[in-house]
Structures are given as C-alpha cells and as structure tokens.
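Enquirer: Before I ask anything, let me first share the structure, which is written out below as structure tokens.
The values are calculated or read from the model by the stated rules, or taken from the named source; none is laboratory data. Everything numeric here is computed off the predicted structure, so don't read it as measured data. In this analysis, Cβ positions are derived from the backbone assuming ideal geometry, glycine residues included, and neighbour counts consider all displayed protein chains.
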Amino acid sequence: MLLITLSWIRGVGSVIKAPIYGCWRWVSGAGVVCLFVGSVAYAAPPADGKAIFSTTCMACHGSRGEGNTKIGAPNIAGMEAVYVGRQLSNFLSGVRGASANDSYGSQMRAAVGVLKTDADRIAVASYIASLPQIKSTTEIKINDGKVNMANGSTQYNAVCSSCHESRAQGNAQMGAPSLVGIDPVYLERQVIAFREGSRGAHKDDKTGALMRVGANMLPDAKSAHDVIAYINHLKP
C-alpha cells in the first residue's frame with residue numbers, strides 16, 4: 001500500500017526543491033506543497049496451494065493426490081489440513097524424517113525444503129484437504145491364512161480406537177488423523193517406524209510420542225499387521 005499525504009501551506013518565496021525525510025518539498029510563491037510518501041508496504045499475494053502442489057507434491061503423490069505405491073508415496077487427497085500442515089512442518093524442521101533408517105522421510109524432507117513460509121505450508125495443506133479422497137487400491141488379503149482379523153479388531157479397539165475412534169475416522173481434537181482408505185503398506189511402515197523409534201522419538205514430536213507408546217503396546221509385528229488389515233477393510 002502506498003500512503004501519500006498532500007499538505008498545502010500558504011506562503012511566499014522562490015521555488016525550492018529539497019528532500020525532507022525522504023520526501024520532496026516544493027515551495028512557490030503560492031505556498032508550500034509537501035508530498036509525504038509514507039512507508040511502502042506491499043502485501044504478499046496469497047500463496048497458491050494448487051500451484052505449490054503441482055510443483056512440489058504431484059510428481060510423487062499424483063495429480064489428484066492418489067499416491068504411487070511403486071515409490072512408496074501414500075494417497076493424501078482429503079487428509080486433514082491441520083495434520084498435513086503439522087507433518088510438513090515436522091519434515092522441514094527435522095522432527096520427522098531425520099532418522100538414518102527413514103529413507104522415505106529423507107526424501108520428503110528434501111521435497112518440502114522449498115516450502116519456506118508458513119503461508120506456503122498452510123496453502124498446500126488446505127489444497128490437499130480440499131481434494132476428494134481417493135481410497136487406496138491396495139487391499140490386504142484376509143483369506144490366505146496370514147491375517148487374523150479377530151485379533152486385528154481386538155488390538156485395534158484396545159490400542160488405537162481411543163485416539164483414532166472406533167471406525168478409524170480420526171479425532172481432530174487429539175491430532176489423530178483418519179486412517180480409513182489410506183494405503184495399508186504406508187500405514188504398516190509407519191507403525192513399524194514408531195515401534196523402532198525412527199519416527200516419534202524427537203523431543204518436539206508430541207503426537208508422535210503418543211503414537212510410539214501405542215505402537216509398542218501391540219504385542220508383536222504380526223499383531224501390527226492384523227491391525228492394519230482390519231483398518232484396510234473398514235468402510236468410511
């Protein structure tokens with residue numbers, strides 16, 4: 001915004017042009033005309049979430065946020081903006097993705113490095129949240145004898161439902177995202193990361209610390225797989 005004040009002072013004299021506090025004063029026989037140009041504050045244009053998504057996220061997560069299982073990129077369309085924004089900030093600050101055992105997180109850290117401002121992160125998180133959710137096409141087989149759905153249901157309700165709710169729909173007040181329709185391979189990888197400490201171990205990751213506790217309440221990796229299979233077959 002350019003602020004301009006024009007003041008008129010009657011008087012006499014010759015024409016003089018002199019700078020006054022960065023402005024100019026014209027003095028003539030008709031009077032003194034002062035043109036004060038105040039601070040020039042250019043408001044930054046609002047960040048374009050769609051444009052940021054196209055240049056930063058789309059190569060891995062797809063044009064519609066559908067994800068790409070071949071490279072381990074989960075479907076993110078429709079994820080809660082607050083959750084996405086928190087994860088972007090965590091990647092940027094090293095709260096997430098800094099572990100030597102988290103190669104996927106390292107890739108994300110490199111990708112989000114271009115999001116220099118809060119406005120950028122908020123804009124792209126809001127855009128991702130506005131996309132229609134696209135359910136993962138990956139489905140865990142439950143009839144091959146490798147999954148115990150009864151155990152998955154029991155463990156989920158005992159360990160996970162207190163934060164993620166009974167149908168895995170999430171709880172925004174607790175910072176727990178919805179898990180329904182998310183790529184099960186990605187979800188299982190995150191549970192393992194929490195159990196092993198490559199995610200959630202940073203002192204500033206408060207919600208991650210809660211997840212570490214929950215993940216380690218599961219008796220073993222087989223139970224973790226059963227839980228993910230159970231979530232995978234829940235309907236929105």
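Enquirer: Could you please find all residues in the range 182-236 being small (Gly, Ala, Ser), buried (at least 21 other Cβ atoms within 10 Å of the Cβ) and without any contact (Cβ under 8 Å) to a residue 24 or more places away in the chain?
Expert: Correct list: 200 only.
Enquirer: Within the range 91-104, is there a residue that is in a helix (DSSP H, G or I) and basic (Lys, Arg)?
Expert: no
Enquirer: Residue 70 versus (1) over 15 Å from the mean Cα position of the chain (by Cα); (2) at pLDDT 95 or above; (3) assigned to a loop (DSSP other than H, G, I, E, B): which is the lone unmet condition?
Expert: Every condition holds for residue 70 apart from (3).
Enquirer: Shifting gears a bit: Looking at the range 171-224 only, could you name the residues that are of a type in the set (A, V, I, L, M) and assigned to a loop (DSSP other than H, G, I, E, B)?
Expert: 179, 180, 182, 201, 217, 218
Enquirer: Right, something else. Residue check, residue 141 against (1) modelled with pLDDT of 95 or more; (2) out of contact with any helix residue (DSSP H, G or I) (no Cβ under 6 Å at 6 or more places or on another chain); (3) part of a loop (DSSP other than H, G, I, E, B); (4) among the basic types (Lys, Arg), all met but one. Which one?
Expert: (1)
Enquirer: Would you check if there is a residue in the range 110-125 being in a loop (DSSP other than H, G, I, E, B) and under 18 Å from residue 187 (Cβ atoms)?
Expert: For the range 110-125, residues in a loop (DSSP other than H, G, I, E, B) and under 18 Å from residue 187 (Cβ atoms): absent.
Enquirer: Name the one entry in 83, 104 that is within 19 Å of residue 135 (Cβ to Cβ) and of a type in the set (Phe, Trp, Tyr).
Expert: 83
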